[in-house]
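S.K.: The following block contains the structure, expressed as structure tokens.
The values are calculated or read from the model by the stated rules, or taken from the named source; none is laboratory data. In this text the structure is predicted, and so the values were computed from the model without any measurement. When we count neighbours, we look across all protein chains shown, and the Cβ atoms used for this are built from the backbone with ideal geometry, even at glycine. These accessible areas exclude ligands, DNA and RNA; they are computed on the full protein's heavy atoms, side chains included. Shrake-Rupley method; radii C 1.70, N 1.55, O 1.52, S 1.80 Å.
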Amino acid sequence: MSYPTSVSDAAMEFLMTEVLRYVEESTPKEGDTEEQAIFAKEMAAAKMERMGFSVGFRLCERMAQNRTFSAGGKDPSMAVAAAQLEAVKFLCKEIWMEVFRKQIDKLQTNHRGVFVLKDMELRWLTRLPPNTETARVTAIQLLAFPCGIIRGCLANLGIPAVVSCDFLADGQNMSACSFNIKIK
């Protein structure tokens, strides 16, 4: 008997919502001021990012077992940049396909260690209502998880990076976002 190798979108969205709820509830809240509430939300996002890092590191370990990311025959500085580009392409095609069932919509680079990955419809954010502050905060916390996946995947490939995210449409379409990668 063969079992499906993927999880339904509804189950994954529910899981991510419950993980976020668990992380928020397990984050200590000290006081009732607005600053302390913002700090608690940031701490929850940091926990989500660490969880994503762990998932990305292990997922990349499994998916990149027999792959090498090198550009043989080029001078060393060009070889490093080419290997980084190949690793990010692997992330955009293979890892993203495994997690979100689609490839990244657009990859941009300045060839100096900065990459911008654009996803015009991130599955986990499609059901969030537009133009509400609560939905925006929730989306930022949820986006910490894919940021962690990206950072974990690159760390597994030996590429230390800083990853951040942003919305593309000023809150009109919460699911359109970009991930900015800066290689250290």
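S.K.: Just to be sure I understand the filter: pairs with C-beta atoms under 9 Å, separated by 6 or more residues or on different chains, first member in segment 78-95 and more than 15 Å from residue 155 (Cα to Cα), second member assigned to a helix (DSSP H, G or I) and open to solvent by 20 Å² or more (accessible area, probe 1.4 Å). Which pairs pass?
M.R.: The qualifying pairs are 94/63.
S.K.: Tally the residues that are farther than 16 Å from residue 116 by Cα and surrounded by 18 or more Cβ atoms within 10 Å (Cβ to Cβ), restricting the search to segment 145-160.
M.R.: Of the residues in segment 145-160, 4 are farther than 16 Å from residue 116 by Cα and surrounded by 18 or more Cβ atoms within 10 Å (Cβ to Cβ).
S.K.: Looking at this structure, is residue 143 under 29 Å from residue 10 (Cβ atoms), within 14 Å of the chain's Cα centre (by Cα) and modelled with pLDDT under 95?
M.R.: yes
S.K.: If you don't mind, there's one more thing I want to ask. Which of the residues belonging to segment 121-135 are over 12 Å from residue 173 (Cβ atoms) and crowded, with 16+ Cβ neighbours inside 10 Å?
M.R.: Scanning segment 121-135 gives 123, 124.
S.K.: Within the bounds of segment 36-58, is there any residue that is at pLDDT below 85 and closer than 18 Å to residue 96 by Cβ?
M.R.: The answer is no; no qualifying residue exists.
S.K.: Does residue 147 count as in contact with an Asp or Glu (Cβ under 7 Å, 6 or more places away or on another chain) and of a type outside the set (D, E, K, R)? So that I can check it myself, show each step before the final result.
M.R.: Values: in contact with an Asp or Glu (Cβ under 7 Å, 6 or more places away or on another chain): yes; of a type outside the set (D, E, K, R): yes.
Spelling it out, residue 147 is indeed in contact with an Asp or Glu (Cβ under 7 Å, 6 or more places away or on another chain) and of a type outside the set (D, E, K, R).
S.K.: Tell me the helices (runs of 4 or more DSSP H) entirely within segment 19-108 that contain at least 1 residues that are open to solvent by 70 Å² or more (accessible area, probe 1.4 Å) and aromatic (Phe, Trp, Tyr).
M.R.: Fully inside segment 19-108 and qualifying: 34-63.
S.K.: Does any residue of segment 161-183 turn out to be hydroxyl-bearing (Ser, Thr, Tyr), in contact (Cβ under 8 Å) with a residue 40 or more places away in the chain and open to solvent by less than 60 Å² (accessible area, probe 1.4 Å)?
M.R.: The answer is yes; a qualifying residue exists.
S.K.: Determine whether residue 115 is in contact with a helix residue (DSSP H, G or I) (Cβ under 9 Å, 6 or more places away or on another chain), in a helix (DSSP H, G or I) and at pLDDT 95 or above. Before you say what the answer is, go through the steps one by one.
M.R.: Details: in contact with a helix residue (DSSP H, G or I) (Cβ under 9 Å, 6 or more places away or on another chain): yes; in a helix (DSSP H, G or I): no; at pLDDT 95 or above: yes.
So residue 115 fails the test.
S.K.: Determine whether segment 89-110 contains at least one residue that is in contact with a Gly (Cβ under 7 Å, 6 or more places away or on another chain) and at positive phi. Working first, answer last.
M.R.: Going through segment 89-110, the residues in contact with a Gly (Cβ under 7 Å, 6 or more places away or on another chain) turn out to be none.
Checked against the condition, which is being in contact with a Gly (Cβ under 7 Å, 6 or more places away or on another chain) and at positive phi, segment 89-110 yields no hits at all.
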